[in-house]
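To keep things clear, I will list the structure first and then write my remarks on it.
Readers should treat all values here as calculations from the given coordinates under stated rules, not as data from a laboratory. Only a predicted model underlies this, so the values are computations on that prediction, with no experimental measurement involved. For neighbour counting, all protein chains shown are included, and Cβ atoms are generated from backbone atoms with ideal geometry for every residue, glycine included.
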Number of protein chains: 2
Amino acid sequence: MSSLDLSPAHFRRLADRVSTLAEEWLEELDTRRIAPDITGAASEAMFSEGLPEQGLGDASLDALKPLMAGTRAGNARFLAYVFGSGEPVGVLGDYVASVVNQNVTAWRSAPTVVSLERSVVRSLANAVGCPGFTGSFTGGGSSANMMGLAMAREALAPANEDGSPSGVMYASAEVHMSIPKAVALLGLGRKNLRLIPTDAQWRMRPDALVKAIEEDRAAGRRPIAVIATAGTVNTGAVDPLRDVARIVREHGLWMHVDGAYGALAAMAHPEKFEGLGEADSLSMDAHKWLYQPADCGVLLFRDAKAARRAFSFTGDYARSLTADAVEGFAFFDESMELSRRARALKVWLSVRFHGLAAFRESIRRDVANAKRLEGLVRETPALELLAPATLSAVCFRYRAGLEDAQLDDFNTKLLAHINRRGRVYISNATLEGRFSLRACFVNHRTTPEDVTTVPREVLAAAEELKAL
Amino acid sequence: MSSLDLSPAHFRRLADRVSTLAEEWLEELDTRRIAPDITGAASEAMFSEGLPEQGLGDASLDALKPLMAGTRAGNARFLAYVFGSGEPVGVLGDYVASVVNQNVTAWRSAPTVVSLERSVVRSLANAVGCPGFTGSFTGGGSSANMMGLAMAREALAPANEDGSPSGVMYASAEVHMSIPKAVALLGLGRKNLRLIPTDAQWRMRPDALVKAIEEDRAAGRRPIAVIATAGTVNTGAVDPLRDVARIVREHGLWMHVDGAYGALAAMAHPEKFEGLGEADSLSMDAHKWLYQPADCGVLLFRDAKAARRAFSFTGDYARSLTADAVEGFAFFDESMELSRRARALKVWLSVRFHGLAAFRESIRRDVANAKRLEGLVRETPALELLAPATLSAVCFRYRAGLEDAQLDDFNTKLLAHINRRGRVYISNATLEGRFSLRACFVNHRTTPEDVTTVPREVLAAAEELKAL
């Protein structure tokens with residue numbers, strides 16, 4: 001007997017306790033505070049003892065309830081950042097992934113799970129209008145973006161062998177922070193990421209992109225890649241993908257689409273993403289707009305050879321000993337990861353349970369919810385719309401009775417106060433230097449009635465704040 | 001009602017079905033074939049239809065059993081690569097992580113879960129002899145190694161702003177493939193990773209390291225970091241950490257330890273890892289020698305400022321609005337990740353259930369199991385030991401009645417045949433150009449009796465192979 005042994009029956013008893021907690025969590029989700037009522041000090045104190053030398057056995061599970069009480073609830077009115085709502089069948093897919101604990105490195109290591117992941121990747125690629133693309137699941141959009149840019153670098157300005165990469169990349173001024181981070185990690189230098197001005201709808205301006213590329217060319221620098229954003233984090237803007245694709249082709253560059261937030265919505269609203277299929281690489285996050293539990297990023301690419309050029313460094317101990325193309329397949333030849341969790345399993349179970357059609361419908365409802373909030377903000381004199389809902393993010397601020405100079409400070413305090421009340425949870429954006437409240441709908445639980453709660457809570461919190 | 005709605009009671013019924021499958025999986029684990037009897041074509045065919053347009057509802061769970069039957073079983077005699085055994089309480093911790101679906105980006109996003117992760121990181125750092133280190137969980141050793149080297153680059157040869165990184169890194173000739181991959185991704189160029197010769201026990205030779213650094217200095221190149229390995233993937237060798245630390249200090253370099261395989265064993269055998277606490281950064285994989293379900297890597301570092309120098313690129317929309325140090329804490333300022341799963345939760349639940357002492361005991365048993373196999377190989381005339389068990393990997397080959405020239409080919413076929421028989425599952429290594437069978441013990445289920453199965457299966461498979 002091992003010191004860690006646990007009988008299957010004992011496991012089952014513990015599993016039932018966790019399932020009971022999960023069921024209660026789901027039952028109470030809609031009525032509990034979203035932001036937990038806990039301070040940093042109290043939260044640190046819960047874990048100040050560290051891991052114990054002697055085990056607590058079954059009693060160790062007693063700490064789960066207080067732990068869960070101190071988390072943020074992803075209920076119907078959690079509308080902050082861009083973070084999906086944790087669809088419960090996906091939760092069970094994740095549970096299976098942990099039970100079978102396959103290391104999804106290569107087919108030989110996890111046969112059915114590797115085939116499952118490849119199939120899910122192909123299906124999602126088809127669903128968003130990128131037929132024929134392959135790829136893999138990643139920890140999230142940051143990894144997927146970094147891998148897409150690494151492929152671009154190796155395709156156009158190879159540095160894997162000799163180092164000292166140089167070249168220029170282009171993205172809109174509304175780019176997500178993971179892109180400058182990736183450009184820096186890849187050794188290209190943040191100074192070599194050009195931030196292209198946007199139009200009135202926060203979309204990259206094609207004329208400004210061409211001008212920047214031509215200026216760099218004229219100065220003897222080497223343009224490598226354009227990063228188009230399909231769903232900016234601030235306002236949900238989708239860059240003009242067809243125009244970007246044409247420019248990229250004319251200049252012989254790589255087109256990466258950061259679709260972490262938006263690309264999966266192409267399943268439901270293809271008209272908003274025309275040109276997506278012309279990308280060379282594309283990131284999307286199934287833990288955002290496919291409502292899956294984190295982590296569940298996806299990198300798609302047009303040409304697997306480009307992925308292998310960037311990532312294939314196989315050591316002898318991991319080299320395949322078969323000639324069969326399927327049985328010799330290794331994700332680590334096309335990814336920066338080696339050990340990998342079966343992240344695709346939750347998507348597979350969740351989508352097979354509900355069907356793609358139900359996801360399309362839910363995404364359409366999110367978009368409609370955002371339009372509804374936009375309308376409510378427009379109708380409310382105390383509120384000012386700062387960005388219309390082009391995808392599913394709505395930016396606005398409170399302004400009744402305030403001077404222009406007070407707006408940023410008041411709305412900053414107002415955001416904290418709204419979230420502290422616990423009924424809705426939203427976040428913020430800075431638009432042309434103005435502090436904005438921001439609600440983002442990637443939540444399968446949100447109903448039209450929940451949408452009306454948002455302006456009501458904003459107004460109530462503003463009144464309270466003014467009375468303080 | 002959303003198109004994706006599922007009542008808590010319905011969720012519970014599905015959860016019970018999954019728990020039943022999990023219980024059966026655990027009950028049958030020891031008696032089933034390790035390598036499933038499935039071809040690449042059959043495995044692909046299972047998923048050839050892709051994701052369905054219309055959902056299957058409860059019937060979608062029917063596919064779980066065939067899926068699970070086509071996976072590789074991590075039972076007591078799975079001894080390949082370096083991959084932990086999926087401790088079942090850890091599985092339940094993972095289940096909770098999916099239920100609460102916190103995005104562990106920053107304290108404000110997941111209060112108790114962030115405090116939990118910081119506490120688990122501190123506890124593990126203490127347990128392996130690195131008190132005061134902080135860090136974060138990662139997808140695995142590849143990410144953790146890459147982040148450690150990114151910190152080294154930014155500390156000694158900053159390239160985040162201007163790009164064109166240059167400098168030299170050093171590792172032993174037995175280095176894991178994730179290191180050249182990371183060096184290449186960071187733009188330093190694989191040619192600038194020096195592979196230092198090893199001694200008779202496959203450990204980096206300090207004299208050769210000093211020589212290489214001095215040669216690079218003399219040639220005007222800039223040494224940046226030494227990567228010491230604490231548990232090489234081939235033989236489990238631990239580089240001479242104290243010597244490396246001294247050399248690193250003398251030359252003003254960064255010391256990263258790739259402890260993905262071995263470092264957690266410092267909990268049980270600190271005498272094998274003297275000098276580990278002198279690292280600047282350290283990777284370890286809790287899904288290896290802490291038996292947790294994947295993915296569960298850890299990056300530790302001595303100085304959080306160095307992590308922030310490498311990774312802090314915060315966009316406005318994610319900027320903290322508080323002055324409280326705990327409440328303002330963000331993992332993404334110290335990591336290349338933004339969205340993050342609650343990976344620490346399984347470690348927390350599993351270790352609190354069993355206690356650190358039980359993990360220490362289990363690790364000691366793994367080391368003893370490896371020594372036992374080494375002894376059995378030595379006693380068996382048909383087998384030849386190719387590397388002794390310094391940690392928990394044993395390398396050997398079959399040689400009875402074979403010419404030297406036949407050994408590589410025969411043992412290559414033998415490995416496939418052993419694994420095809422399904423009773424044990426081992427992998428391979430190439431040692432001084434020789435193909436070696438390799439068993440690696442990071443498995444809490446393996447008993448001394450299981451160890452005796454290994455040579456028995458190798459001999460039986462060799463007889464069958466010769467008779468073919």
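Side notes on the structure shown:
- For chain A, the orientation-averaged shadow of the C-alpha convex hull comes to 26.0 nm² (one quarter of the hull surface).
- Projecting label points 7 angstrom from Cα along Cα→Cβ for B:A368 and A:E361 puts them 6.0 nm apart.
- Inter-chain neighbour count for B:22-32: the average number of beta-carbon atoms from partner chains within 10 Å of each residue's beta-carbon is 4.
- Cα gyration tensor shape of region B:408-452, rounded if a/c is under 1.5, else prolate or oblate by comparing a/b with b/c: oblate
- Per-pair calculated FRET efficiency, R0 = 25 Å: A:K191 and A:R246 via Cβ, rounded to 0.05: 0.40
- Annotated for chain B: lysine pairs at least 8 residues apart or interchain, Cα distance under 15 Å, count 4.
- Surrounding net charge for A:T235, when Lys and Arg each add one and Asp and Glu each subtract one, Cβ distance under 10 Å: +1
- Kyte-Doolittle at least -0.5, axis length at least 27 Å by Cα - qualifying DSSP helices, chain A: A:356-379, A:448-467
- Label point distance in nm, A:A200-A:T20, each placed 7 Å from Cα along Cα→Cβ: 6.1
- Among beta bridges from DSSP that stay inside region A:102-354, the antiparallel ones total about 45%.
- With neighbours defined as other Cβ atoms within 10 Å of a residue's Cβ, the residues A:V351, A:V367, A:V424 order from fewest to most as A:V367, A:V424, A:V351.
- A crude spin-label estimate for the pair A:E27 and B:E463, with each label 7 Å from Cα along the Cβ direction, gives 6.0 nm.
- Column: log10 I(q)/I(0), Debye, Cα scatterers of the protein assembly as shown, q = 0.06, 0.07 Å⁻¹: -0.39, -0.53
- Summed side-chain charge close to B:S3 - residues other than B:S3 whose Cβ falls under 10 Å, Lys, Arg +1, Asp, Glu -1: +1
- Seen from A:G84, the other residues with C-beta closer than 12 Å to its C-beta sum to a net charge of -1, counting Lys and Arg as +1 and Asp and Glu as -1.
- Of the GluC sites (Glu not before Pro) in region A:37-70, those whose Cβ has at most 11 other Cβ within 10 Å and which sit in DSSP loop: A:E49
- If you sort the three axes of the alpha carbon gyration tensor as a ≥ b ≥ c, you get a/c of 1.5 or more for region B:102-354 and a/b no higher than b/c, which makes it oblate.
- Residues B:H176, A:H287, A:H269, sorted so that the one with the fewest Cβ neighbours within 10 Å comes first: A:H269, B:H176, A:H287
- More than 17 Å apart - percent of Cα-Cα pairs taken over region A:327-382: 65
- Cα gyration tensor shape for region B:357-467, rounded if a/c is under 1.5, else prolate or oblate: prolate
- Calculated FRET efficiency, B:D404 to B:K65, Cβ-Cβ distance, R0 = 60 Å: about 0.80 to the nearest 0.05.
- Take the Cα of A:R378, go 7 Å toward its beta carbon, and the backbone nitrogen atoms of region A:186-208 under 18 Å from that spot belong to A:200-202.
- Helical runs (DSSP H, four residues minimum) scored at -39500 (n - 2.57) apiece and divided by the length of the protein assembly as shown put the mean residue ellipticity at 222 nm at -13000 deg cm²/dmol.
- The ranking of B:W289, B:W107 from fewest to most other beta carbons within 10 Å of each one's beta carbon is B:W107, B:W289.
- The share of C-alpha pairs in region B:1-74 whose separation exceeds 21 Å stands at 43 percent.
- Taken residue by residue and averaged, Cβ atoms of other chains lying within 10 Å of the Cβ of B:55-65 number 5.
- For the pair B:D162 and A:A325, a Förster radius of 30 Å applied to the C-beta separation gives a FRET efficiency near 0.10, rounded to the nearest 0.05.
- A P(r) calculated from all alpha carbon pairs of region A:124-230, with 10 Å bins opening at zero, reads 14, 42, 35, 10, 0 percent.
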